[in-house]
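The values are calculated or read from the model by the stated rules, or taken from the named source; none is laboratory data. Keep in mind the model is a prediction, meaning the values are calculated, not measured. These accessible areas exclude ligands, DNA and RNA; they are computed on the full protein's heavy atoms, side chains included. Shrake-Rupley method; radii C 1.70, N 1.55, O 1.52, S 1.80 Å.
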Amino acid sequence: MNIRKWDKSWILVWTSSFLVGGLILCIGYQSVLYESAQEKVQTVETVRTVSAKVPVSVQGETRDGKKTELSTQTEEQTIADNMSQGSSEEKKLSLKADLVESELSIKDFPSPVKGKVFRGIGNYYFEVLDNYLFHGGMDYAEPEGTIIRATHGGKVIFAGQDPILGQKVTLDCGGGWLVTYGGLDNLSVNNGETIETLERIGQVGFFPGAEGLSDQPQLHYEVWHGDKVQGLELKN
């Protein structure tokens, strides 16, 4: 009877020992798994942080089987580069405009023909209108059909019929310089075009208009800088 009680006691002791040992092992294993998971999370976060700061290098293959390395930049860097480039272009355009305005002078707009001048810059009495009008250019006697070329390149801001000058062409040469050719025919340019120096713009025609004091074909040529006419001294 005592032996049976003793056996039962030992069974309870060993059973309890196994349960306690198993519980300890289970707790230790879970602790190891938890620490490993935390280390992986920290590693992933570190990689993400570094990737966000450093341009990513991606390797691929071309059709020839050669490896190529493609480098990408962050969106913020691209925007900054675009803004810097735009600012640089604006500075170049502004500097170019300043140079044009400071370099050009009346010497850059010589007479387009060698004909005789029969009317200069000044106030004239026109019998047709029975009034005085300001004549802002030079009138040259030229044979009808004489080819007229631009004395300076520029953008055509007007090309068409004028009630006083007949067919005329006005060029914006930049820097506030405007040049007008009147008394033309057979225009070779259109509004909005940009033409070069010595490019053909038309021919001398015959349209006396309000200035018609003679039947002589003539070229009207005037140069303005800002709001001031350029050329000979004004006639009183």
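Cα centroid separation, region 142-193 to region 112-131: 18 Å. Of I106, I148, the order by accessible heavy-atom surface (1.4 Å probe, DNA, RNA and ligands excluded), from most exposed downward, is I106, I148. Normalised per residue, the accessible area of region 129-221 is 44 Å², obtained with a 1.4 Å probe and no contribution from ligands, DNA or RNA.
For D227, what accessible area in Å² do you get when you roll a 1.4 Å probe over the heavy atoms of the protein chains, rounding to the nearest 10? Estimated to the nearest 10 Å², D227 gives 130 Å².
Leaving out ligands, DNA and RNA but keeping every protein chain, what accessible area does K116 have, in Å² rounded to the nearest 10, with a 1.4 Å probe? Roughly 150 Å² of K116 is accessible to a 1.4 Å probe. At 1.4 Å probe size, with the rest of the protein present, what percent of the exposed accessible area of region 131-171 is carbon and sulfur atoms? For region 131-171, the apolar C and S fraction of the accessible surface comes to 56 percent.
If you sort E222, E127 by accessible surface, 1.4 Å probe, largest first, the order is E127, E222. Measuring with a 1.4 angstrom probe and ignoring ligands and nucleic acids, F118 comes out at about 80 Å² accessible.
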